[in-house]
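Enquirer: Structure incoming, see below.
Any read-out appearing in this document is the output of simple, stated calculations on the displayed coordinates, not a laboratory observation. As the structure is a prediction and not an experimental result, all values here were calculated from the model. Cβ: placed from backbone, ideal geometry, glycine included. Neighbour counts: every protein chain shown.
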Amino acid sequence: MIRADEIKKAVREHYVRSLSTGCCGGGSSCCATTVDEEDRPGADLEGLTGPSLGCGRPLGYAQLQPGEIVVDLGSGAGREVLLAAREVGPAGRAIGIDMTPEMVWTARENANQTTVPNAEFRLGEIEHLPVPDAAADVVISNCVINLVPDKSRAFAEAYRILKPGGRLIVSDMVARGPLPGAMRENLTAWAGCVAGAVDVDEYLSVIERAGFRTPDVLTRTNAAPGQVFSITLRAVKQ
Ligand SMILES: C[S@@+](CC[C@H](N)C(=O)[O-])C[C@H]1O[C@@H](n2cnc3c(N)ncnc32)[C@H](O)[C@@H]1O
């Protein structure tokens, strides 16, 4: 069985490569091609360095308000953090967290280029968020938690950093039923957002066990049994 640290190393290397190749490469699900271009708000941010690697548009469902604090788990090159920062305005703040240093550096360059002053990027792991308790109004994440070996820990951390009543909006890859065992052992499939996708009902249960109210599934794509598909969900901290 592959270890969590082997998965993380493969994921990190994969996303460093994506900064020069522009996307994930063969067979990947966490890729711009899974999202309609018309579903991408903020056309004026086009031209940023680094790819968009999401599988949904959580920001479209976040209903951000001026002054809110937003944290993006696995912020990549930072596009959604910059858009969120603009939405919450000067009284608010958007914070991106990513475990890949090259992604954090790219996102910081993008923040400088777009002169968005209320966006910041922190190096860190979703399982150990560098954010204090009850600091965020909103947590978003786009196509990342499938890459995390310990999903319970990831959602427990999201719960910890949210204020009571705070909302979690996640787009991610999940599976319809179990994936083939050999797939789970394939590091390339892990990094490509396939092998780490868990059954959708299990995924929703993990979120509830972390303490959130029953999540609402806002969008889902189709999949045959044993295949992965994308969902966007919203859950609220009790
Ligand atoms: C598929 S990309 C998505 C990036 C971004 N959300 C987007 O939509 O473009 C996955 C990102 O999650 C980061 N990541 C994966 N596992 C992580 C973890 N355990 N902690 C923090 N970041 C992680 C990777 O470094 C990568 O930047």
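Enquirer: Could you check Leu53 against (1) more than 13 Å from the ligand (Cβ to nearest atom); (2) of a type in the set (A, V, I, L, M); (3) within 23 Å of Val174 (Cα to Cα) and say which number it fails?
Expert: All conditions are met except number (1).
Enquirer: A further question on this structure: Answer yes if at least one residue in the stretch 44-53 is among the β-branched types (Val, Ile, Thr), surrounded by fewer than 19 Cβ atoms within 10 Å (Cβ to Cβ) and on the phi > 0 side of the Ramachandran plot, and no otherwise. Reasoning before the result, please.
Expert: So in the stretch 44-53, the residues among the β-branched types (Val, Ile, Thr) come out as 49.
Cutting the leftovers down to surrounded by fewer than 19 Cβ atoms within 10 Å (Cβ to Cβ) gives us 49.
This time we only want the ones that are on the phi > 0 side of the Ramachandran plot, so: none.
Within the stretch 44-53 (the criterion being among the β-branched types (Val, Ile, Thr), surrounded by fewer than 19 Cβ atoms within 10 Å (Cβ to Cβ) and on the phi > 0 side of the Ramachandran plot), the answer is no, since none of the residues qualifies.
Enquirer: Can you find a residue in the stretch 72-80 that is over 13 Å from the mean Cα position of the chain (by Cα) and closer than 30 Å to Thr221 by Cα?
Expert: no
Enquirer: Leu48 - would you say it is hydrophobic (A, V, I, L, M, F, W, C), more than 11 Å from the ligand (Cβ to nearest atom), farther than 16 Å from Thr232 by Cα and more than 11 Å from the chain's Cα centre (by Cα)?
Expert: No, not satisfied.
Enquirer: What are the residues in the stretch 73-83 that are touching an Asp or Glu at 6+ places or on another chain (Cβ under 7 Å) and more than 7 Å from the ligand (Cβ to nearest atom), if any?
Expert: Scanning the stretch 73-83 gives a single hit, Val81.
Enquirer: Another question, then. Among the residues in the stretch 183-197, are any out of contact with any helix residue (DSSP H, G or I) (no Cβ under 9 Å at 6 or more places or on another chain) and farther than 15 Å from Ser152 by Cα?
Expert: Looking for residues that are out of contact with any helix residue (DSSP H, G or I) (no Cβ under 9 Å at 6 or more places or on another chain) and farther than 15 Å from Ser152 by Cα, one finds at least one in the stretch 183-197, hence yes.
Enquirer: Something else: Check Gly196 against each of (1) of a type outside the set (D, E, K, R); (2) part of a loop (DSSP other than H, G, I, E, B); (3) on the phi < 0 side of the Ramachandran plot; (4) over 14 Å from the mean Cα position of the chain (by Cα) and name the one condition it does not meet.
Expert: It fails just one condition, (4).
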